[in-house]
Amino acid sequence: MAAPSLTLRFLPLFLCVLLSVVAEWNTKDFLRREHTLTKPYQGSGMSVPQWDFLGSTMVTNSYIRLTPDHQSKQGAIWNNVRCMAPNWEVHVQFKVHGGGKNLFGDGLTFWYTRERMQLGPVFGNQDYFTGLAVFLDTYSNHNGPHNHNHPYVSAMVNNGSLHYDHDTDGTHTELSGCEAQFRNRDYDTYMAIRYEDNTLKVSLDVDNKNGWKECFTVNDVKLPVGYFFGASAATGDLADNHDIISIKFYELETPNKDAKSYTGLPEAAHMEAPRDHVEDKRGSLSSWSGWKLLLVIILIIIALTVVGVVGFLVFQKQQENSRKRFY
């Protein structure tokens, strides 16, 4: 009976040694701090080590606010270290909230791109970018009907030649997407972006389940090494607070040690099949913004008033001529 007792005594020690060896074998799965953003954010002064920010971005002790809940704001934060890992996973802890009940916008985007630190019209970043964008679109006022509700999460891969069309919510350049009710939650929400062996997978935890729920998976996606990670947000006529709480980067162990890192332009073999969408008919009332429609209505009223006044004067003149002939 002594032998089993001795075995049980040394079993925990054996497991600890085994786990340490396994951990040593998988060190590349560990957190990489050069691409990671966690509290406390600030280094010396107002700087954030290895991250740069611009626009309306505000750094606090608890969060990084890309935009406040005010109109016409743009903000972004960008990692200043190039990612040389061919396979990786990024976890983004974020919060989108504001006072709007029915109308709000515009949204938040996570980027892996060649360019950085350029404010622009695509959720606070430049158009015709080169790389990957994962959009968290909250803008719920559309020119044409879609077969999904908002907020909506989608991805786009661009080689620098494609335009992101806000009027169609990027429908024609979208890889895939899913609905996700992440706005105005009482708790923080999370997104995982995993790129491994030319497969892009986006998962979410927006229900405080402490577990990932797949949003979409896209195969045959080629992303080069050497690009930068970033996050940006924008507001327009509608607004929200767009907060980043943390960004954690994990380099994934690849089975093929001899595989060469891809260095060409970003590619995606497949885009999502066209979804139900009514094209904007340029020139029709449905594609006009509210102020244009109001201007047209005012002009119509003025025109009708002028026609009415002219008609009344002509009628009055005819009546006077008629009376003169009678006498």
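The values are calculated or read from the model by the stated rules, or taken from the named source; none is laboratory data. All values reported here derive from a predicted model rather than from experimental measurement. Accessible surface is based on the protein model in full, side chains and every heavy atom, while ligands, DNA and RNA are left aside. Shrake-Rupley method; radii C 1.70, N 1.55, O 1.52, S 1.80 Å.
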Problem set entry | Residue-by-residue Karplus 3J(HN,Hα) for segment 298-308, coefficients 6.51, -1.76, 1.60, Hz, glycine and proline x | 4, 4, 5, 4, 4, 4, 5, 5, 4, 4, x
Exercise. When only the heavy atoms of the protein chains count and the probe is 1.4 Å, how do 306, 221 rank by accessible area, highest first?
Worked result: 306, 221
For this session: Round to the nearest 10 and report in Å² the accessible area of residue 35, as given by a 1.4 Å probe over the protein chains' heavy atoms.
Result: 10 Å²
Exercise. Quick one: what Rg and Dmax do you get for segment 147-265 from the alpha carbons, in Å?
Worked result: 16.0, 51
Seminar exercise, completed: Across 10 Å bins beginning at 0, the whole-percent shares of Cα-Cα pair distances in segment 30-182 come to 9, 38, 38, 13, 1
Problem set entry | Solvent-accessible area per residue for segment 38-191 (1.4 angstrom probe, square angstrom) | 40 Å²
For this session: Using a 1.4 angstrom probe on the protein heavy atoms only, line up 165, 205, 237 by accessible area, largest first.
Result: 237, 165, 205
For this session: Could you let me know the centre-to-centre spacing of segment 96-125 and segment 158-225, using Cα atoms, in angstrom?
Result: 14 Å
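Do the alpha carbons of any pairs in 209/260; 39/73; 209/248; 39/222 sit beyond 30 Å of each other, and which pairs?
Over 30 Å Cα-Cα: 209/260; 39/222.
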Exercise. When N is the residue count of segment 183-225, what does its C-alpha Rg come to as a fraction of 2.2 N^0.38 Å?
Worked result: 1.38
